[in-house]
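Comments concern the structure below.
The values are calculated or read from the model by the stated rules, or taken from the named source; none is laboratory data. Because the structure is a prediction, the values reported are computed rather than measured. Cβ: placed from backbone, ideal geometry, glycine included. Neighbour counts: every protein chain shown. Ligands, DNA and RNA are excluded from the accessible area calculation, which covers all protein heavy atoms including side chains. Shrake-Rupley method; radii C 1.70, N 1.55, O 1.52, S 1.80 Å.
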Amino acid sequence: MGKKYEVGIIGGGPAGSTCAYYLARKGVDVIIFDHTQPREKVCGGILSSTLLSRYTIPVDIIERNLNFCEVYSPTYKKIRWTYKKTHGSVSRKKFDWFLLEKALDEGAEWKKLKVNDVEEKRGRFILSTKEGEFKVENAVGAGGVNGILRKKKIGAFPTKHLSKTYDLKLKFEKEYVDEHFEDGWYLLFLDDRYVGKGYGWLVPKKDYVLVGLGCELEYKGNLKKSLKELLQVHPLLKEKIGKPKSVKERAALIVSPKTAEFFKSKHCDKNWVIIGEEGGFVHPLEGDGLTYAMITGELAAKLYIANSSFEDFDKKWVEEFGEKIVIPKDGIENFYNKSVLDFLFDIAEGKPELIDQLFEGKLELKTFLAAIKKKTEMNNSKKESDS
Ligand SMILES: Cc1cc2nc3c(=O)[nH]c(=O)nc-3n(C[C@H](O)[C@H](O)[C@H](O)COP(=O)(O)OP(=O)(O)OC[C@H]3O[C@@H](n4cnc5c(N)ncnc54)[C@H](O)[C@@H]3O)c2cc1C
């Protein structure tokens, strides 16, 4: 058994590194375990304006500013949703490395080791690695979708709350990307021939483009086949994707909360906390996990510094962003319904702020669905009186 540490963080992604940075800055003896860094995590790499206004990210880390999101309906209707505040597009390799180095500069220690097991003994944790055991007073689970501390404390994610993704990293000359893409990204809602409940995306970087599909884990279709077909038929993809210099296929899981109850599980106690995607903190509609990874990392660290305990973490995150993350409590299932989406595009034409409101949680899905019902009833009675 080597040196003992006050806090051991399992996972050096955005959640773990942010937590380590705030702890180390206040002199807490903190160690991060991550066997994979530096690595390119499978991710769209979109940074929200919330993240960019809360944290200082150097301009050279931002590959591209994103000033709009062009949203496509399943029948290829489109609306451009112009952001009030700029978002950013990053390479996860550079972004995560920047955050990890920042934590190390403040005095955090990093071991390029995988934690194979976590055992709690007399209020302390023993973390087992191939180089032996490490004793830590407090444990932070920041290992993402497969986080080990979550499995030990509250169990793995039920498959219902997971989505599968498949994407292509398409390398181009920088000039090609500049010529074919403006400063924005593309969100494609698709019907169940392609993804079931889910969507597609296209995100430009400096000299590459990510195009991918994500949907509920239970969907039986083949995402690789769907994407291949979409590249031939979707007007946006046909227009934008020429002949890349190289193509890399990737696949990953992402947490996609389906019910309000999902967020009610315990994330902490006095001497442990689970943050970032390991805690399930991914926006149910937008798939934004990076903002919540960094915010939960910061909140956990600041709580620990103030109280020498993580006990109040569940109260704290609910206060900070609870309302924002649990919006689909009245029916996320309906959101991916083709007719609901097409209707949304109809009424949103010329009024993209409706989408804004829906994503910001200001327009309840319930209200929106009630409006659809009313409109359908009106159409039906009109048809009846016409005939
Ligand atoms: C296809 C796809 C697209 C996405 N697009 C976006 C997007 O555009 N914008 C956005 O905000 N979010 C996006 N997300 C979500 C986002 O990627 C995650 O929510 C985010 O990475 C979570 O950060 P994290 O630090 O919690 O976990 P991670 O980034 O997953 O980092 C966890 C780290 O812990 C390490 N680790 C795990 N277990 C152990 C262990 N036992 N021992 C040591 N180390 C361990 C891992 O190797 C990893 O480096 C996307 C996800 C997917 C799959």
Problem set entry | For residue 83, distant residues with modelled amide H under 5 Å away | 68, 69
Problem set entry | Cα→Cβ-extended label distance, 7 Å offset, between residue 222 and residue 174, nm | 3.9
For this session: Report the full-extension gain for the segment residue 192 to residue 77: residue separation times 0.36 nm, less the Cα-Cα distance, to one decimal in nm.
Result: 39.7 nm
For this session: Scan around residue 172 for amide H atoms under 5 Å from its own, H built in the peptide plane at 1.01 Å from N, and keep only partners 5 or more places away or cross-chain.
Result: 208, 209, 245
Problem set entry | Table column - 3J(HN,Hα) (Hz), region 210-227, Karplus curve with 6.51, -1.76, 1.60, x for Gly and Pro | 9, 10, x, 10, x, 7, 4, 4, 6, 4, 8, x, 9, 5, 4, 5, 4, 5
For this session: Provide the per-residue ³J(HN,Hα) series for region 129-135, in order, calculated from phi with Karplus coefficients 6.51, -1.76, 1.60 and θ = phi - 60°, each as a whole number of Hz, with x at glycine and proline positions.
Result: 10, 5, 9, x, 9, 10, 9
For this session: Please work out the Cα center distance from region 230-259 to region 130-194, rounded to the nearest Å.
Result: 15
For this session: Could you work out the relative contact order of region 153-299, using alpha carbon pairs under 8 angstrom and six or more residues apart, expressed as a whole percent?
Result: 27
Seminar exercise, completed: With a 1.4 angstrom probe the carbon and sulfur portion of accessible area for region 70-191, in percent, totals 46
Exercise. Over the Cα atoms of region 75-155, what Rg and Dmax result, in angstrom?
Worked result: 19.2, 60
Exercise. Label residue 156 and residue 381 with points 7 Å out from Cα along Cα→Cβ: what is the distance between them in nm?
Worked result: 5.2
Problem set entry | Residue-wise HN-Hα coupling along region 160-172, computed from phi with Karplus coefficients 6.51, -1.76, 1.60 (Hz; x: Gly, Pro) | 4, 9, 10, 10, 9, 9, 9, 9, 10, 9, 9, 8, 10
For this session: Work out, step by step, the length gained on full extension between residue 137 and residue 306: first 0.36 nm times the residue separation, then minus their alpha carbon distance; give nm to one decimal.
Result: 59.2 nm
Exercise. Regarding region 240-309, what whole-number volume in Å³ per residue does the convex hull of its Cα atoms give?
Worked result: 139
Problem set entry | Surface accessible to a 1.4 Å probe, per residue, for the residues of region 86-239, Å² | 46
For this session: Calculate, axis by axis, the spread of Cα positions in region 133-289 along the three principal axes, and write the results as whole Å, longest axis first.
Result: 54, 33, 26
For this session: Can you tell me how much longer the chain between residue 122 and residue 182 gets when fully stretched, taken as 0.36 nm per residue apart minus their C-alpha distance, in nm with one decimal?
Result: 15.9 nm
Problem set entry | Subset of 264/302; 160/302; 130/224; 153/258; 258/315 violating a 25 Å alpha-carbon distance limit | 160/302; 130/224
Seminar exercise, completed: Once the in-chain neighbours fewer than 8 apart are removed, the lysines whose Cα is under 18 Å from residue 228 read 164, 169, 171, 220, 238, 240, 243, 245, 248
